[in-house]
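One structure follows; several queries about it will come next.
The values are calculated or read from the model by the stated rules, or taken from the named source; none is laboratory data. Not measured: the values here are computed from a predicted model. Neighbour counts are summed over all protein chains in view; Cβ atoms, including those assigned to glycine, are modelled from backbone coordinates with ideal geometry. These area figures cover heavy atoms from the full protein model, side chains too; ligands, DNA and RNA do not enter into them. Shrake-Rupley method; radii C 1.70, N 1.55, O 1.52, S 1.80 Å.
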Amino acid sequence: MMSTILVVGGAGYIGIQMSSQLVEAGYDVVIYDKNKPAYLQALPQAIFVQGDLAEKEKLQHLFSNYAFDAVMHFAASIEVGESIRNPQKYYDNNVVKTLQLLTLMREFAVNYFIFSSTAAVYGEPQYVPIDTRHRQHPINPYGRSKWMVENILGDYDSAYGLRYASLRYFNASGADPQNRFGECHDPETHLIPLVLQVANHRREHITVFGNDYDTPDGSCIRDYIHVDDLCRAHLLALKRLQQENKSLTYNLGNGNGFSILEVIDAARKITGKEIKTIMGSRRPGDPARLIADASLAVKELDWQPRYTDLETIINHAWKWEIKNYG
C-alpha cells in the first residue's frame, strides 16, 4: 500500500525538492503551503493545498480528507537577524504553529514526524566538527524556537508515542540538478544566492562580515550541504523511522568547510563574472567555523552526500539564477 505524506511548507526551497524526491520514490504527496510558486507546475503528481498553519479549519479538513502516514515540516521563519528584532514572529510561526500541527497529528493518529531543525540549536561551537552530542545552547530566538520544538518532540515521544526525526541542517545550498527548483527567498539572506545576484548584476556588491577570524583567509568557514543531498537524507530518515518506530536526531552537512572568500572565488570561476566585494565588520554571534559531524547519519541511514564539491553546488545554483533572472 502506498504511503501518503503531508509536506508542510512543501512549495519552499527545500520542501519542493523533498516533495519531488518523495514522488519519485513512489509516495503520494500532499503539499500544504501558503505560497503557490510557478515552479510547482514541474511537479504535477503532487496535490497542492494553499493555506497557512494558522488556518485550523482548513488543516482539520485536510487531515479529514487524507490518511497521512507521516508529516514532513518545513514551514518556518529562518532569518537570525529578524528573529532578534522580532522574536514574537519566530515563537509564533516556529513553535505555536508547530504545536497546532502536532495536535492535529495526535487527533488523527499520525505518528511519524520529520522536523526541519538547524545547527543554530548548538549556539557557539565548543569544538568542530559538531556532533549531535554537542551541548545545545542557542544564542538567538531562531535557534531557540527550533530547540524548543525539539524538546516538545521529545516529550510527545515519551507521552504519546509520536516518533520523530529531527534533522539539524548546516548550510543548505545549491539547486535541483535538473534545474526545476531552486533557492529564491524574499528577502534573500543566504550567501551563495546573494553572491550570484552580484554576478548577475542584480546586486551591486557582496559584503564580507569580518576578515580577521582565526581561519586561513580570515573569513568565516561554513559547511555547505547540497539541497538534493539534504532531501535524500530526509527520505532515508522517513524509511528508518517507519521501519524501527524509534525517534532519530542527525546533523546534515558535508563535514567540509569552505570560507566566505572561497565561495566568492568559486562563484567568479563558475560564472566568469567579476564579483565586487566589500569588507565589513564582524557580526555579533558569527562563529569562525561551523562544520558538521554527520557521521551518525552516514552510518545509520546509509547516507552519502553526492554533491560535496563547492563548484558543483555553485554551478547548480547559477543555472537556477540564470533560468529565473536571465
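Quick check on segment 200-271: what does the Kirkwood estimate of hydrodynamic radius come out to from the alpha carbon pairs, in Å?
Evaluated over segment 200-271, this radius sits at 15.2 Å.
Round to a whole angstrom and tell me the spacing of the C-alpha centers of segment 55-81 and segment 231-248.
19
Here is a follow-up. Ordering L236, L162 by how much accessible area each has at a 1.4 Å probe, largest first, what is the list?
From most exposed to least exposed: L236, L162.
Can you quote the Å³ per residue value for the convex hull of the Cα atoms in segment 77-142, rounded to an integer?
On the way: hull volume 6.4 nm³, N = 66.
Convex hull volume per residue, Cα atoms: 97 Å³.
For segment 151-308, take the alpha-carbon Rg, divide it by the Kirkwood Rh, and send me Rg/Rh.
Rounded to two decimals, Rg/Rh equals 1.04.
Determine the share of the chain's accessible area contributed by carbon and sulfur atoms, expressed in whole percent, with a 1.4 angstrom probe.
The value for the chain is 47 percent carbon and sulfur by accessible area.
Additional query: Given the Cα-Cα distance of E124 and Q243 and 0.36 nm per residue of separation, how much length would full extension add, in nm?
So the extension gain works out to 39.3 nm.
Okay, next question. Mind grabbing the accessible area of K34 for me, 1.4 Å probe, Å², rounded to tens?
Counting only protein heavy atoms, K34 exposes about 120 Å² to solvent.
Using the Kirkwood formula over every pair of different C-alpha atoms, what hydrodynamic radius in Å results for segment 79-185?
After inverting the pairwise mean of 1/r, the radius is 15.3 Å.
Moving on. Would you calculate a helix-derived [θ] at 222 nm for the chain, using -39,500 (n - 2.57) for each DSSP H run of n ≥ 4 and dividing by the full residue count, to the nearest 500?
Calculated from helices alone, the mean residue ellipticity at 222 nm is -12000 deg cm²/dmol.
Ranked by accessible surface with a 1.4 Å probe, highest first, in what order do L290, L252 come?
Ranked from most to least accessible, the order is L290, L252.
Can you give the charge dipole size of the chain about its Cα centre, rounded to the nearest 20 debye, using +1 on the beta carbon of Lys and Arg and -1 on the beta carbon of Asp and Glu?
240
Let me ask you something else. From the P(r) of the chain, could you give the percentage of C-alpha pairs in the tail past 37 Å?
Within the chain, distances greater than 37 Å cover 13 percent of Cα pairs.
Mind ranking M105, M2 by accessible surface for me, highest first, 1.4 Å probe?
Ranked list, largest accessible area first: M2, M105.
What's the percent breakdown of Cα-Cα distances in segment 141-236 across 10 Å bins, shortest bin first?
12, 29, 33, 19, 6, 0
A further question follows. Cut-off 14 Å, label point 7 angstrom out along Cα-to-Cβ of E188: give me the residues of segment 283-326 whose amide nitrogen falls inside.
314-326
A further question on this structure: Rounded to the nearest whole Å³, what is the per residue volume of the convex hull around the Cα atoms of segment 1-58?
Convex hull of Cα atoms, per residue: 73 Å³.
Considering just Cα atoms, how many Å³ per residue does the convex hull of segment 228-326 enclose?
140
Which translational diffusion coefficient, to the nearest whole µm²/s, is obtained for segment 55-98 from the Stokes-Einstein equation, given a Kirkwood hydrodynamic radius over C-alpha pairs, 20 °C and 1.002 mPa s?
Working: Rh = 12.2 Å.
For the chosen part, D equals 175 µm²/s.
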